Amino acid sequence: MSPEDFRAHLLDADDAAAAAHLAAVTGHERHDALVVLGSGLTDVADTLGTATATLRLSELPGVLAPTADGHLDELRSCVLPDSPDGSPGTRVLVALGRTHLYEGVDRRRVTALVRIAAAAGARRTVLTNANGCLRPWKLGDVVAITDHLNLTGSSPFDGGVFLDPRTVWDRTLAAATTAVCPRSGTYAALRGPEYQTDAESRLLAASGADVVGMSTVHEALTAAALGLRAAGLSVVSDLSFDAATTDPQAVLDAAARSRETLATAVRGALTAD
C-alpha cells in the first residue's frame, strides 16, 4: 500500500475534524511536523520556538487527556526560528504528553496525534520517551532510536495493512540525531504498565534491545504508513540491571537532566534535509 492508500484506510472523520479544529485555533491550515514529548521531557517544548497558540490535547476529537506522570494535556503550535538562508521557520505541533496502551484504551487513541498531524499536513515527526537501559550507559543519556522491537502484543493496524517496518525510522533523520546523541540503538516496546523482571531484561538484552519502554512504536508505525518521516529519541531514565527498585520520580529527574542534548537533537531532526 502507498501512503495515499494508508491515508484512505487509516484517517477517519475524527482526524479530519481535529485537523480543522487545529486550523481554527492556530490560524494555520497546515503544520510541517509533530513533536511528542515523553515522560518528564515537557520542558523541551520551551526550546522549540515561540508558541503562537496553545490548546488542550483533549480538545481534539479522538484524543484523550494523558494520565501518566510527567505528561500534560497540552498542545502547542510553534514556529522554529528562520533558517540561515532566510526561509520561513518550520511550523511544529508540540505535544507535551501522550496516551499509552497501558492506560487500557483503544489503540487508535494511542496513535491519534500522529493521524491528526498527518491530516494537518505534517511530513515528519520526532517521538521522544524515557527508557529503561539494558546497556552500561548513564542516567540522562539521550539515545537516537535506529530500530525497534514491537513486543506489545499488538499493532496499530487491522486487516490487510502490510507495512514494511524496516523503513519506519528515517535514515537521514537518524543520522542527524546520532550526530548529537551520545548513544544510538534499538528500542524495545512493551505494553506495561509494570516494569520488566530481571529475566525479561536479560532476554531483551540478548535479543538486541538496548533500551526498553512503553510507548512510541505504534506512533512510529502509523507515521511511516502515512508517509511521515520519523525520528526517535529515548532518554535513559532507569538502569534495568541496577539492584535498586525503579523509582518513578527518578525516571522524571533523569529525563530533566537530558534537556539540552534532547532539545538539540529534536531541532536537528526537524531541520535535516
The lone exception for L60 - which of (1) within 21 Å of A19 (Cβ to Cβ); (2) in contact with a strand residue (DSSP E or B) (Cβ under 7 Å, 6 or more places away or on another chain); (3) not aromatic (F, W, Y) it fails: (2)
Selected residue (criterion: farthest from L55 (Cα to Cα)) from residues of the stretch 1-36 that are aliphatic (A, V, I, L, M) and in a loop (DSSP other than H, G, I, E, B): M1
Among residues of the stretch 227-255, those that are buried (at least 18 other Cβ atoms within 10 Å of the Cβ), under 21 Å from G97 (Cβ atoms) and not polar (S, T, N, Q), counted: 11
Which listed residue, of D273, D238, D253, is in a strand (DSSP E or B) and among the charged types (D, E, K, R): D238
Criterion (under 28 Å from V105 (Cα atoms) and either among the basic types (K, R) or in contact with a Leu (Cβ under 6 Å, 6 or more places away or on another chain) (or both)) met by exactly one of R267, R229: R229
Positions within the stretch 12-29 being modelled with pLDDT of 95 or more and within 24 Å of L173 (Cβ to Cβ), in sequence order: D15, A19, L22
Residue that is surrounded by the most Cβ atoms within 10 Å (Cβ to Cβ) [pool: residues in the stretch 187-207 that are of a type in the set (A, V, I, L, M) and closer than 25 Å to V105 by Cα]: A188
Residue that is nearest to T172 (Cα to Cα) [pool: residues in the stretch 195-232 that are in a helix (DSSP H, G or I) and without any contact (Cβ under 8 Å) to a residue 24 or more places away in the chain]: A206
Those residues of the stretch 7-30 which are surrounded by fewer than 23 Cβ atoms within 10 Å (Cβ to Cβ), over 15 Å from A224 (Cα atoms) and not small (G, A, S), in sequence order: D12, D14, H21, V25, T26, H28, E29, R30
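Residue-by-condition table, conditions (1) out of contact with any strand residue (DSSP E or B) (no Cβ under 6 Å at 6 or more places or on another chain); (2) not charged (D, E, K, R):
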position: V105; (1), (2): yes, yes
position: L113; (1), (2): no, yes
position: A118; (1), (2): yes, yes
position: R124; (1), (2): no, no
position: L163; (1), (2): yes, yes
position: A174; (1), (2): no, yes
position: T178; (1), (2): no, yes
Subset of the stretch 158-186 that is among the hydrophobic types (A, V, I, L, M, F, W, C) and modelled with pLDDT under 95 - its residue that is nearest to R109 (Cα to Cα): V161
Test: residue in the stretch 78-90 that is at pLDDT below 95 and in contact with a Lys or Arg (Cβ under 6 Å, 6 or more places away or on another chain): yes
Boolean, L72 is more than 19 Å from A120 (Cα to Cα), in contact with a Gly (Cβ under 6 Å, 6 or more places away or on another chain) and not β-branched (V, I, T): yes
Verdict on D141 being acidic (D, E) and without any contact (Cβ under 8 Å) to a residue 12 or more places away in the chain: no
Residue in the stretch 252-271 that is under 26 Å from P165 (Cβ atoms) and of a type in the set (S, T, N, Q) present: yes
Selection status of G192, in contact with a Phe, Trp or Tyr (Cβ under 6 Å, 6 or more places away or on another chain), assigned to a loop (DSSP other than H, G, I, E, B) and touching a residue at least 24 places away in the same chain (Cβ under 8 Å): yes
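The values are calculated or read from the model by the stated rules, or taken from the named source; none is laboratory data. On a predicted model such as this, the values are computed, not experimentally measured, just so you know. Because the Cβ atoms are built from the backbone with ideal geometry, glycine has one as well, and the counts that use them run over all protein chains shown.
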